[in-house]
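Undergrad: If you scroll down you'll find the structure; I have some questions about it.
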Amino acid sequence: MEVTTMVHTLTPAAELGADIDDVARLLTADGERIADSVLDPWIADVDAAQLQALYRDMVVLRRIDAEGVALQRQGQLGLWAPCSGQEATQIGTARGLRADDFTFPSYREIGVVYARGARPSDFVLSWRGEAHSTLEPETMHSAVPQIIIGAQTLHAVGYGMGIQRDGADQVAVTYFGDGASSQGDVNEAMVFAASFGAPVVFVCTNNQYAISEPVRVQAAAPIAGRAPGFGIPSMRVDGNDVLACLAAMRWAAAHARSGAGPAFIEAVTYRMGPHTTSDDPTRYRDAAELERWRARDPLTRVEAYLRSRGEFGDEFAASVQAAADDMAAQVRAACLGAVTKPAMSVFDNVYAEPHTGIAEQIADFSAYLDGFAEAEGEVAR
């Protein structure tokens, strides 16, 4: 295995919440294209059409997210985990993958599953409590978004080791947050991936907060600096720069695909909204911090760059807005049009084959429902 290195880092004494500019970057917050000798070769093929497509993806993603929040506030969804502000991290890294690579996202990676081909209903039916999941992993090449913090990193390593033993050249990609980086599962996954040279890309979305705890509470040094200690090369990129995120994923995926083992990306970004719709971020962060990050918006910097090149006109802007509105309408229709399944269907597709354990649970739940039937009449089964 080649010697592991860390491409961008901060000094150990850095203030992680403030020193956010020591990252790999290709677009400044003002939309100025700057050079980076490491990243530039990985996006040499990106033309105006591809850049416009990345912008369109981010706008659509932001619209899906806004619709999810609105549906939850209207009582149509039980919960929603907003991703506003993190569009560049999700779209840039996801678009850097091949269709046959396999992703293992967390619950906030709405943009990753969008990029993998999720249908409008896939974004809302689980949060509405209508299904365990509606995603089709075999079709999308993406696992069901994981709620358990960090658990998906172990799944990705297992999948990556399977790829390795099949002699194939796909990569497994797992997404997790800065809070999850403190979990044992994530560290165990990195040990196994490095020890067995598994083709896995770890993407840590550092959005500055693990619910209400700022990143400085759980990391005395940049999170990307941990990976070389496991024997994994890492890169710390501007997570609000979609070009940098695309380049970083292409670098990491090529490394893993070559047989050189896992790679690690820390995308430094910010969660503009609450942790979930049950959270109130005004209780643990101030308005000035929010405004500083608003000025680093991932969408406006791409728009500024496209305008500077004469590639952002009224017709293009209208087509993007129409695409976003259409997707939002489809998401809303899928939510409001959902038909609640019979209660006993909760056991469908849990196991491939029947067994005594599930039979006992079915009998117990059936008896439980009978109690309601006696009191209120027959219930739907």
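Undergrad: Of the candidates 172, 156, 49, which one comes out as most mobile in a Gaussian network treatment of the chain with C-alpha springs shorter than 10 Å?
TA: 49
Undergrad: Treating each Cα of region 210-302 as an identical point scatterer and ignoring solvent, apply the Debye formula and state log10 I(q)/I(0) at q = 0.11 Å⁻¹.
TA: The Cα Debye sum returns log10 ratios of -0.42.
Undergrad: Can you give me the Rg/Rh ratio for the chain, using Cα atoms for both radii and the Kirkwood formula for Rh?
TA: Values: Rg = 21.7 Å, Rh = 21.8 Å.
Radius of gyration over Kirkwood radius for the chain works out to 0.99.
Undergrad: Starting from the eigenvalues of the Cα gyration tensor, five times each then square-rooted, give me the equivalent ellipsoid semi-axes of region 258-381, largest first, whole Å. Mind showing how you got there, number by number?
TA: Values: eigenvalues 450, 105, 87 Å².
So the equivalent ellipsoid measures 47, 23, 21 Å along its semi-axes.
Undergrad: Between residue 27 and residues 5 or more places away or on another chain, which pairs have amide H atoms under 5 Å apart, with H built 1.01 Å from N, and which residues are they?
TA: 34, 244
Undergrad: Counting DSSP beta bridges with both partners in the chain, what percentage is antiparallel, nearest 5?
TA: Numbers: 3 of 27 bridges.
For the chain, the DSSP antiparallel bridge percentage is about 10.
Undergrad: Check each of the chymotrypsin sites (Phe, Trp or Tyr not before Pro) in region 284-357 and keep only those in coil by DSSP with at most 12 other C-beta atoms within 10 angstrom; list them in order. Walk me through the numbers on the way to the answer.
TA: Values: sites: 284, 293, 305, 312, 316, 347, 351; in loops: 284, 312, 351.
Of the chymotrypsin sites (Phe, Trp or Tyr not before Pro), the ones in loops of region 284-357 whose Cβ has at most 12 other Cβ atoms within 10 Å are 351.
Undergrad: What number results when the radius of gyration of region 148-204, computed over Cα atoms, is divided by 2.2 N^0.38 Å? Present the calculation step by step, with values, prior to reporting the outcome.
TA: Details: Rg = 10.7 Å, N = 57, 2.2 N^0.38 = 10.2 Å.
Normalised by 2.2 N^0.38 Å, the Cα Rg of region 148-204 equals 1.04.
Undergrad: Pull up all non-local amide H partners of residue 177: gap of 5 or more, or a different chain, and H-to-H distance under 5 Å with H placed in the peptide plane.
TA: For residue 177, the qualifying residues are 205.
Undergrad: Continuing with the same structure: List every residue whose amide H lies under 5 Å from the amide H of residue 142, counting only residues 5 or more places away in sequence or on a different chain, with H placed 1.01 Å from N in the peptide plane.
TA: 103
Undergrad: Only helices at least 27 Å long along their own axis, judged from Cα atoms, and with Kyte-Doolittle mean hydropathy of -0.5 or greater: name those in the chain from DSSP H. Write down the numbers at each step before the final one.
TA: On the way: long enough: 48-73 (38 Å, 0.10); 314-336 (33 Å, 0.40); 356-376 (30 Å, 0.13).
Sorted by number, the helices that extend far enough and score high enough are 48-73, 314-336, 356-376.
Undergrad: Magnitude of the Cβ-charge dipole of region 31-102, K/R +1 and D/E -1, about the Cα centre, nearest 20 debye? Spell out each step's value before the answer.
TA: On the way: 7 positive and 11 negative charges, 79 e Å.
That gives a dipole near 380 debye.
Undergrad: I've got another one for you. What's the magnitude of the charge dipole for region 155-225 around its Cα centre, counting Lys and Arg as +1 and Asp and Glu as -1 at the beta-carbon? Answer in Debye, nearest 20.
TA: On the way: 2 positive and 6 negative charges, 19 e Å.
My answer is approximately 80 debye.
Undergrad: Which residue fluctuates the most in the chain, going by a Gaussian network model with Cα springs under 10 Å, if the choices are 141, 355, 255?
TA: The residue that fluctuates most here is 355.
Undergrad: Something else about it: Accessible area per residue of region 46-118 at 1.4 Å probe, in Å²?
TA: Values: 2010 Å² over 73 residues.
For region 46-118, the per-residue accessible area is 28 Å².
Undergrad: Residue farthest toward the positive end of the dipole of region 33-154, with Cβ of Lys/Arg at +1 and Asp/Glu at -1: which of 78, 44, 55?
TA: 78
Undergrad: Next question, about the same structure. Would you mind working out the magnitude of the charge dipole of the chain relative to its Cα centre, with +1 at each Lys and Arg C-beta and -1 at each Asp and Glu C-beta, to the nearest 20 Debye?
TA: Working: 30 positive and 51 negative charges, 102 e Å.
Approximately 480 debye in magnitude.
Undergrad: Would you mind giving the average projected area, over all directions, of the Cα convex hull of region 66-193 in nm² with one decimal?
TA: For the Cα atoms of region 66-193, the hull's average projected area reads 8.0 nm².
Undergrad: For region 287-352 and region 60-103, write down the distance between their C-alpha centroids in whole Å.
TA: So the two Cα centres are separated by 6 Å.
Undergrad: Continuing with the same structure: Strictly greater than 12 Å: what percent of every Cα pair in region 47-87 meets that? Walk me through the numbers on the way to the answer.
TA: Details: 497 of 820 pairs.
Result: 61 percent of Cα pairs exceed 12 Å.
The values are calculated or read from the model by the stated rules, or taken from the named source; none is laboratory data. No experiment lies behind these values; they were computed from the predicted model shown. Every residue, glycine as well, gets a Cβ built from its backbone with ideal geometry; the counts of neighbours run over all protein chains shown. Heavy atoms of the whole protein, side chains included, go into the accessibility calculation; ligands, DNA and RNA do not. Shrake-Rupley method; radii C 1.70, N 1.55, O 1.52, S 1.80 Å.
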